[in-house]
């Protein structure tokens, strides 16, 4: 039964024109940058900010809309002897796998055809992880409110916080407490934002950590090592697991 629900969700999402448009948009962007840049690493650096903004935004919006549009189907399935956990994960993975595939086709296919570098592989990996993270956040926001407009609003606020506002908060902390030793604080604050984690992993594999400001040396010291990159990827997986776990708890207790 789990596989049947998952297949239904996958085929339903694949038919969406929005997903097709998302794939084509990424394909056009990546192809344009590859055409304009002859160097593979420069192409990855150019694609970095596009990926870190578009992928979380599309994932969290489509995740929220998909959940609310699927409510009647969810209520119908819940009338059957099927566990809520099964329904929840089928909805989540069905949507996320399609979005991750769209990202890989749109960004990964041109990079692979052009000769992908190690930094390009990290770009694809972190892009997929961001898809899983922000779809989980979308489900958490959607389960928390029965009102579709409110749920979409919460999702947009979450995206704006992680993509724009968070960096301003961190910079303010570093500015006002510049007289103190904040190395460990900076590392901790970085782990609290999946977009920042993705940016750091990719930039350090491009050997341009100096462009990250005066904290570049600190990031290079910690995240530049194999263990550091491994720990940052563990943090990314935690960003997938924790929101998904909270969303599942709310879903299981929710009165439909």
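Between residue 227 and residue 192, 0.36 nm times their residue separation minus their Cα-Cα distance comes to what?
On the way: separation 35, 0.36 × 35 = 12.60 nm, distance 1.85 nm.
So the chain would gain 10.8 nm between residue 227 and residue 192.
What is the Cα centroid distance between segment 126-192 and segment 9-58, reported in whole angstrom?
Their Cα centres are 22 Å away from one another.
Gain in length, residue 12 to residue 146, computed as 0.36 nm per residue apart minus the alpha-carbon separation, to one decimal in nm?
46.0 nm
Roughly how many Å is it from the Cα centre of segment 64-82 to that of segment 232-256, as a whole number?
Cα centres, segment 64-82 to segment 232-256: 18 Å.
Could you work out the relative contact order of segment 2-253, using alpha carbon pairs under 8 angstrom and six or more residues apart, expressed as a whole percent?
Answer for segment 2-253 is 27 percent.
Rank 166, 176, 68 by mean-square fluctuation in a GNM of the chain with C-alpha springs under 10 angstrom and give only the top-ranked residue.
Of 166, 176, 68, the most mobile in the Gaussian network model is 176.
Taking neighbour Cβ counts within 10 Å as the exposure measure, how do 255, 167, 196 sort from fewest upward?
255, 167, 196
Test of understanding: ordering 172, 31 by Cβ neighbours within 10 Å, fewest first, what list do you get?
Listed from fewest to most nearby Cβ atoms, that is 172, 31.
Cα axis of helix 84-103 to longest principal axis of the chain: angle in degrees, 0 to 90, nearest 10?
Computed tilt is about 50 degrees.
Would you mind calculating the gained length between residue 36 and residue 4 on full extension (0.36 nm times residue separation, minus the Cα-Cα distance), in nm to one decimal?
Between residue 36 and residue 4, full extension yields an extra 7.1 nm.
GNM on the chain, C-alpha springs below 10 Å: top fluctuator among 184, 42, 148?
It is 184.
Using a Gaussian network model of the chain with C-alpha springs under 10 Å, which one of 76, 203, 156 is most mobile by mean-square fluctuation?
The residue with the greatest mean-square fluctuation here is 76.
Just so you know, all these numbers are worked out from the coordinates, no wet-lab data involved. These numbers were taken from a predicted model, which means no experiment stands behind them. Note that each Cβ is placed from the backbone with ideal geometry, even for glycine, and that neighbours are counted across all protein chains shown.
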